[in-house]
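Worksheet: one structure, shown below.
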Amino acid sequence: MLYNQPSPLETKVLSRRFGMPNSASIDTYLATEGYQAFRKAAGMKPEEIIEEVKISNLRGRGGAGFPTGMKWSFVPRTSPKPKYIVVNADESEPGTCKDRVLIENDPHQLIEGTLIAGKAVDAHAGYIYVRGEYRYLIEILDKAIAEAYEKGWLGKNIQGTGFDFDLYTHTGAGAYECGEESALLESLEGKRGIPRIRPPFPAVAGAFQCPTVLNNVETYCAVPAILRDGGAAFAALGIPKSGGTKMTCLTGHVNKPGVYELRLGFPVKQMIEEVGGGIRLGRKMKAFIPGGSSCPVLTAAEVEGATMDYDSMAQRKSMLGSGGVIIMDDQTCMVKAALRIMRFYAHESCGWCIPCREGTTWLKKILERFHAGGGTRTDINLIGDISRNMLGRTFCPLGDAAAMPTISIVEKFRHEFEDHLDGKPCPYEHEMVTV
Amino acid sequence: MTFSPQLEARFAKLLTSYPAGRQRSAMIPMLLYAQDELGHITDELVEEVARRVGVTPLQVNEVLSYYSMLHRKPLGKYHVQVCTNISCLLHDGDKLYEHACKKLGIGHKGVTADGQISLEEVECMGACSWAPAIQVNYDFHHFVTPEQLDQLLDGLRKT
């Protein structure tokens, strides 16, 4: 089901079946061009499939934005080892709830995406790693997978093409770090979710030390449309170097929060005002996070003229990230926001790298003290110093993810830290607001 | 140990889902699915899962202590999880959590005296656009107001 009304400004490619009766069933899928992209791919050479994905300018939708076609081309197809397709459905970046609606409303689109990826790299088995909290999605996926086996779209000699593919769901059990690709693979192998040193990258030594394609749910979900309508048509939906659409989660202080499919390059202002219905209670925006809590925070002035794509956000020294947009109004306490974000990273740091393990906890303690009115002037610089000393000093990006928003908040909202000095009560404390 | 036929079927499927010699992959899913049936992870369960996937109980304990959804102590029949992470915080999820604490008279990871309800302040659960959100066991509740939370908790107390 859908939890918010769609917007007329959406470009519905991945979400084209949302809202149809029984959109998750294989019958609906087959009646709406479902599995036709795989049929097409089955008649193509692997390198032709990868070329089509390269033409589409599809970039990884989990947050890193790595070109998908290039990632697939790194898999040594001639390796004698089995190859695997792994789906990252461990959606846990704060602000992000898009993979949930993709799986809930159209699980067969994801299954077809994995089939095409399997065909492209000569993989014959896939695992969908779903965060433990999304149990109902595992049930939806298991049902969809069973339907696909029953109708001959999974299993041996799929639809007479000679291609075999098995697909399994695998539940996580509560760990943000397992959304990081190498930690996910450790977890899939029944271990603690700690990152692996790279190289070798998963394309060469991934699941069970075999060549592996590992992408986000949304990335796989884009693949059927790319094969069906052509890579060029998908690319044309976006802007140069960023093809297609992005499932965008509007969260925080907007009137119409929700998950919307917007073409890449969509203007931020129009997204907030027209798709999101503007800032609630007629207030003004204070801060903007483009794609999950790991991204540097932007001020309202900085997002003037910005568009939702990889380059526009990089120019502003932030990131498009996962598509989890977090919008904060002018009554938000940025010290409290920084504290809550840091509490999260301190809780989720796996402890493998000391700068992250210690840094996140130190920062949490300082920010807790600060927000309670016990901060000193030297603490403000200390927060920035500790954060900068975490950057680039960890095996995986979690340390950076904790440091980047913190550095940006201290730099851009320093006056709010000063407002909390000398035991002054937080100027933004309020009663619960329900709208 | 004996489990329900449904859980045994689930285990059997899990143990054949991974490449030969990689049965350890089934460990975390087995623990979580078994916890759903037993309420929490007992020493006996640790030993049973270790035996079935071919590792030592120590290795199972080492892994399970990492995952926040795997619990070594009993939870309430209804485990109420309130998200207070950033997108929920912006909709006063922290105040909703405090409200739940007062209403139930328990704190983070506490269980009511009758064992009916447990409470946990949790990290982002993927309901950010429909904040503030809570989960009761595996069921999501979106746009939760304090009044709705009261009603929900009152209902859970009775059943």
Pop out the ³J(HN,Hα) list for region A:283-297 in order, Karplus 6.51 cos²θ - 1.76 cosθ + 1.60 with θ = phi - 60°, rounded to Hz; leave Gly and Pro as x. 7, 9, 7, 9, 9, 9, 10, x, x, x, 5, 7, 7, x, 7
How much FRET efficiency would the formula 1/(1 + (r/R0)^6) give for A:K151 and A:Q209, where r is the Cβ-Cβ distance and R0 is 30 Å, rounded to 0.05? 0.35
Within 10 Å of each Cβ in peptide B:133-139, how many partner chain Cβ atoms are there on average? Round it to a whole number, please. 2
Quick calc, A:K241 & A:K284: beta-carbon distance into FRET formula, R0 35 Å, rounding 0.05, result 0.60
Taking the highest mean first, how do the peptides A:304-310, A:425-431 order by number of other beta carbon atoms within 10 angstrom per residue? A:304-310, A:425-431
Using a 10 Å cut-off around each Cβ of peptide B:143-154, what is the average number of partner chain Cβ atoms that fall inside? 1
On a 0 to 90 degree scale, rounded to 10, what angle separates helix A:354-369 from the longest Cα axis of chain A? 40 degrees
Once you list every other residue whose beta carbon is under 14 Å from the beta carbon of B:S68, what net charge do they have if Lys and Arg are +1 and Asp and Glu are -1? -1
Expected max-MSF residue from A:V275, A:V86, A:V223 in the GNM of chain A (alpha carbon, under 10 Å) is A:V275
Area projected by the alpha carbon convex hull of chain A, averaged over all directions, nm²: 19.8 nm²
Each label point is 7 Å from the Cα along the Cα-to-Cβ direction; what then is the distance between the points at A:I197 and A:R393, in nm? 1.9 nm
For chain A, find the longest principal axis of its Cα atoms and tell me its angle to the long axis of helix A:107-121, 0 to 90°, nearest 10. 70 degrees
FRET E, pair A:E418, B:K109, Förster distance 25 Å, beta-carbon r, rounded to 0.05: 0.10
Structure-based [θ]222 nm, the protein assembly as shown - -39500 (n - 2.57) summed over DSSP H runs of at least 4, per residue, nearest 500: -12000 deg cm²/dmol
Run the numbers for A:L382 and A:K81: contour at 0.36 nm per residue of separation, minus the present Cα-Cα distance, in nm. 103.4 nm
Say the dipole of region A:26-237 comes from +1 at the beta carbon of Lys and Arg and -1 at that of Asp and Glu; which of A:G113, A:G179, A:A207 then lies farthest toward its positive end? A:A207
Between region A:9-62 and region A:184-248, how far is it from one alpha carbon centroid to the other, in angstrom? 15 Å
Mind pulling up the Rg/Rh value for region B:5-64? Radius of gyration and Kirkwood radius, both on Cα. 0.93
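Need one word for region B:65-159: rounded, prolate or oblate. Basis is the Cα gyration tensor (sqrt eigenvalues a ≥ b ≥ c); a/c below 1.5 gives rounded, then a/b vs b/c decides.
oblate
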For the protein assembly as shown, size of Cβ-based charge dipole, Lys and Arg +1, Asp and Glu -1, in debye: 900 debye
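For region A:31-85, with only Lys/Arg (+1) and Asp/Glu (-1) charged at the beta-carbon, what is the dipole magnitude about the Cα centre, in debye rounded to 20?
240 debye
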Could you list the residues of region A:231-248 with an amide nitrogen less than 20 Å from a label point located 7 Å from the Cα of A:D400 in the Cα-to-C-beta direction? A:242
I want to check the label-to-label distance for B:R52 and A:R39. Put each point 7 Å from Cα in the C-beta direction and report it in nm to one decimal. 4.1 nm
Could you tell me how far the Cα centroid of region A:253-268 sits from the Cα centroid of region A:314-362, in Å? 21 Å
Shielding score for A:93-102, defined as the mean number of other chain Cβ atoms within 10 Å: 5
So if I place +1 on the C-beta of Lys and Arg and -1 on the C-beta of Asp and Glu, and nothing else carries charge, what would the dipole magnitude of region A:245-329 be about its Cα centre? I want it in debye, nearest 20. 200 debye
Obtain the nm distance between the two label points defined at B:A9 and B:D43 by a simple spin-label model: each point lies 7 Å from its Cα along the Cα-to-C-beta direction. 3.4 nm
Taking other Cβ within 10 Å of each residue's Cβ, how do A:K365, A:K71 sort, fewest first? A:K365, A:K71
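When DSSP beta bridges are limited to those with both residues in chain A, what percentage is antiparallel, rounded to the nearest 5?
Antiparallel bridges make up about 45 percent of those DSSP assigns within chain A.
Throughout, read-outs are computed from the coordinates displayed, never taken from laboratory work. Treat the numbers as computed from the prediction; the structure is a model and nothing was measured. Every residue, glycine among them, receives a Cβ derived from its backbone with ideal geometry; neighbour counts consider all protein chains shown.
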